[in-house]
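J.: This is the structure, below, for whatever I ask next.
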Amino acid sequence: MTLSFLYLLTCLIAGIALIVLLTTRYKVPAFFALILSGLLVGLGAHLPLAEVIGTLKDGFGTILKSLGLIIVLGTTLGVLLEYTGSTAVMAGYILKRTGEKHATWAMSITGFIVGLPIFCDSGFIVLSGLNKNLAKRAGVPLTVMSVSLATGLYAIHCMAPPHPGSSAAAGIIGADIGRLMLYGAAIAIPGMIVGNLWAKYAGNKIIHIQSEHEITYGVIENKPSVIKAFLPIIVPLLLIALKSFFTIETHPGYRWLSVFLSLGDPVTALMTGVLLTFNCKRNWTKSELGKLLQDASEKAGGILIIIGAGGAFGAILAATKIGAHFSEILNLGYLGIFFPFLLTFVLKTAQGSSTVAIITAASIVQPLLANLGLGTETGKLLCVLAMGAGSMMISHANDAYFWVIAKFSGLEMKTMLRVYSVATLLMGLTSIIMVYILSKII
């Protein structure tokens with residue numbers, strides 16, 4: 001039986017509504033919300049139950065096959081950098097170079113660099129003590145410093161792997177994850193700058209009184225040198241960049257190059273970064289290292305099941321062939337990168353999680369790539385970048401990161417909405433403009 005486009009569209013809307021309802025009102029973990037939504041859409045589209053279950057399993061396994069190691073290694077790298085005090089060393093070095101006069105830029109840049117391997121919420125918690133001390137020393141309102149740090153972390157979190165949203169989207173869409181790391185980081189820089197400028201403009205108008213209950217952190221002992229602290233981040237990025245710019249096809253006959261470029265694979269590059277973090281601390285003990293690696297694997301496990309569920313949901317949408325119906329009914333070609341951007345923007349604002357928003361959007365957009373004019377390798381890259389920009393907008397009260405910032409900075413709800421939420425709106429708009437400009441260049 002052939003189902004109408006309107007009926008399939010209703011099933012899709014019902015599935016998205018279920019995700020939003022379960023994750024926002026009933027606080028159901030994203031994994032279960034995505035799986036239940038996949039069941040709803042699949043059964044609603046009259047697929048046999050056995051086929052729905054099989055499709056969910058296939059989609060779950062396929063996405064983990066391509067992204068599992070990247071997520072685990074990226075999470076491990078972040079945990080080790082945090083534990084060894086490398087993040088504090090990088091922050092101190094950047095502050096020394098910028099000076100207290102430019103303390104807000106120091107925090108934005110610190111957030112951006114630390115945020116490359118570390119999730120934004122963890123990064124903010126780790127650096128919040130330094131942020132408060134620096135704000136006091138430099139005489140800068142804590143609101144300005146906190147939002148500068150928060151937006152620096154948030155910009156890279158939304159735009160580049162190994163963060164789960166962009167990583168999962170790359171797996172679903174089929175974008176090259178190495179190129180996405182590089183271009184995502186580049187696009188995130190203007191977003192970070194805009195976030196900093198708005199923080200200074202809006203935050204300076206607000207008087208912040210530090211709460212007695214705000215959490216502070218002690219000084220980390222036996223910190224690594226600056227070079228040792230930066231190497232685990234710089235080396236993987238350089239390896240990935242080299243692979244992106246040099247290929248075997250452009251240098252035939254150089255067999256040694258294939259061995260060298262294999263180090264630029266994201267998995268190998270991240271593994272290299274993890275190995276370099278062991279040089280950031282002396283006298284590792286077995287129990288200490290075992291606990292850290294266990295913590296990293298457990299943290300990665302929670303991320304992997306969300307990404308796997310996103311892949312399962314996307315497989316169900318592909319099985320219903322709703323993308324083919326969209327292509328036949330609607331002329332989306334003129335929208336191009338703005339369709340995935342707007343879709344992710346709506347999903348992010350509605351349910352709060354950037355990760356869930358970009359995974360859900362990628363599942364919907366994947367069968368529409370050709371119709372959107374994004375079916376090429378470059379088109380897929382631009383599509384994921386556009387969704388990353390959409391996933392920035394708008395962080396407000398339904399976003400867990402919003403409350404991390406408020407809690408660890410002691411900022412009121414009104415202040416957060418006026419300064420931080422508006423900053424995320426401006427960052428997303430800036431990022432999509434940069435993606436559009438990039439689409440005209442590459």
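J.: Among 23-33, 179-189, what's the highest-first ranking by average C-beta atoms within 10 angstrom per residue?
T.: 179-189, 23-33
J.: Which angle from 0 to 90°, rounded to the nearest 10, does the C-alpha axis of helix 338-351 make with the longest principal axis of the chain?
T.: In the chain, helix 338-351 runs at an angle near 70 degrees to the longest axis.
J.: Assign unit charges at the C-beta atoms only (+1 for Lys and Arg, -1 for Asp and Glu), then state the dipole size of the chain relative to its Cα centre in Debye, rounded to the nearest 20.
T.: Around 940 debye, computed over the chain.
J.: Pairs of alpha-carbon atoms within less than 8 angstrom and 6+ residues apart define the contacts here; what relative contact order does the chain have, in percent?
T.: 24
J.: Given the -39500 (n - 2.57) contribution per DSSP H run of 4+ residues, what per-residue ellipticity at 222 nm results for the chain, rounded to the nearest 500 deg cm²/dmol?
T.: Helix-only estimate at 222 nm: -24500 deg cm²/dmol.
J.: Students often check this: by mean Cβ neighbours within 10 Å, which of 388-401, 282-295 ranks highest, and how do the rest follow?
T.: 388-401, 282-295
J.: Mind ranking 61-71, 156-166 by how tightly packed they are, going by the mean number of other C-beta atoms within 10 angstrom, highest first?
T.: 156-166, 61-71
J.: Distance between the C-alpha centers of the stretch 159-179 and the stretch 348-427? Whole Å please.
T.: 14
J.: Then there's this: Pairs LYS136/LYS200; LYS348/LYS380; LYS65/LYS286: which are spaced more than 25 Å apart, C-alpha to C-alpha?
T.: LYS65/LYS286
J.: If you don't mind, there's one more thing I want to ask. Take TYR334, TYR7 and order them by how many other Cβ atoms sit within 10 Å, fewest up front.
T.: Result, fewest neighbours first: TYR334, TYR7.
J.: Here is a follow-up. Normalising by the residue count of the stretch 340-441, find the relative contact order in percent from Cα pairs under 8 Å and 6+ residues apart.
T.: Across the stretch 340-441, relative contact order equals 33 percent.
J.: Okay, next question. Rank GLY302, GLY336, GLY191 by mean-square fluctuation in a GNM of the chain with C-alpha springs under 10 angstrom and give only the top-ranked residue.
T.: In this elastic network of the chain, the residue with the biggest mean-square fluctuation among GLY302, GLY336, GLY191 is GLY302.
J.: For Cα pairs less than 8 Å apart in space and 6+ apart in sequence, what is the mean separation divided by the residue count of the stretch 1-74, i.e. the relative contact order in percent?
T.: After rounding, I find 26 percent.
J.: With unit charges on the beta carbons (Lys and Arg positive, Asp and Glu negative) and the dipole taken about the Cα centre of the chain, which residue among GLY115, ALA168, GLN366 sits farthest to the positive side?
T.: Sorting the options by dipole projection puts first GLY115.
J.: Let me ask something else about it. If you fit an axis through the alpha-carbon atoms of helix 103-114 and take the longest principal axis of the Cα set of the chain, what angle between them do you get, 0 to 90°, nearest 10?
T.: The angle comes out near 50 degrees.
J.: By how many degrees, between 0 and 90 and to the nearest 10, does the Cα long axis of helix 49-83 differ from the longest principal axis of the chain?
T.: 10
Read the figures in this text as sums done on the coordinates, not as results from a lab. Since we're looking at a predicted model, the values are computed, not measured. Note that we place each Cβ from the backbone using ideal geometry, even for glycine, and neighbour counts take in every protein chain shown.
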